[in-house]
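What follows is a short report on a single structure.
FYI, it's all coordinate maths here, none of it is from the lab. Remember, predicted model here, so these are calculated numbers, not experimental data. A quick note on method: Cβ atoms are made from the backbone with ideal geometry, for glycine too, and the neighbour counts reach across all protein chains shown.
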Amino acid sequence: MLSLIGDYKGALEINGIGYSNLKEATQALKGSSGQLTIVLNKGATGLTHNATSQVNKLEGSAIYKIRVRQYMTRPASPEFDFHTKWNNDNPMPMRIMVGRKLKETRGMVQMELWGEIVGELTTQCMKCGRALNNPVSKYFGIGPECGGHNYNNPFETDEELHQAVADMQEKLKEVRWTGWIIKSAIEEEEYLGQRELD
């Protein structure tokens with residue numbers, strides 16, 4: 001779709017998020033699918049004041065598990081400066097996180113997130129999003145490269161393994177992040193129910 005406006009030189013807004021040029025928008029939306037709403041000439045500074053004034057504050061304690069596209073975990077760059085504009089140069093620490101929605105616009109959602117293993121076994125590395133094939137990795141929720149552990153079970157008893165998993169869960173809960181996420185960057189979202197927060 002963006003190829004249809006390939007010669008366009010100005011700023012634009014796509015699904016409620018402002019971009020200073022077509023190259024920036026193309027990079028941010030690379031690999032995404034779905035419907036696009038494109039508005040041309042929206043100002044060169046990103047999301048317009050009009051769009052940011054339409055922020056809905058969300059109440060409640062609904063908890064979600066989300067998986068985001070890889071670019072949300074990368075530092076800001078000239079091609080993708082979303083984190084500079086919206087998250088104080090602080091990208092998400094992991095691709096799979098659990099948390100609650102704080103505010104929402106048409107194209108973005110602000111979330112308070114933390115690391116948490118949901119269920120006894122995890123099938124994707126919470127840090128990088130790759131598939132986990134090893135049983136030990138599935139318990140930890142983190143692959144051997146991201147978590148610095150061995151493929152072989154280093155524990156002599158199931159109790160030692162479960163204690164190590166419990167320790168990993170406590171470490172993951174210390175990984176906290178609050179910031180804005182582009183809605184089109186959310187690959188998966190699972191509602192986990194209501195939960196009282198500390």
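Assorted remarks:
- At R0 = 41 Å, FRET efficiency that the Cβ-Cβ distance of R106 and E156 yields, to 0.05: 0.15
- Calculated SAXS-style log₁₀ I(q)/I(0) at q = 0.11, 0.18, 0.23 Å⁻¹ - region 108-198, Debye, Cα scatterers: -0.36, -0.90, -1.28
- Here R130 and N21 are evaluated by their C-beta separation; at R0 = 45 Å the FRET efficiency comes out at 0.90.
- Each label point was placed 7 Å from the Cα along the Cα-to-Cβ direction; for A62 and T178 their separation is 2.0 nm.
- Peptide packing: for 104-113, 156-165, the average count of neighbouring Cβ atoms within 10 Å per residue gives the ranking 104-113, 156-165, highest mean first.
- Eligible aspartates and glutamates near K103 by straight Cα distance, threshold 20 Å, same-chain separation 8 or greater: E13, E59, D89, E112, E187, E188, E189, E190, E196, D198
- Highest-first packing order for the peptide set 72-82, 132-142, 87-97 is 132-142, 87-97, 72-82, based on the mean count of other beta carbon atoms within 10 Å.
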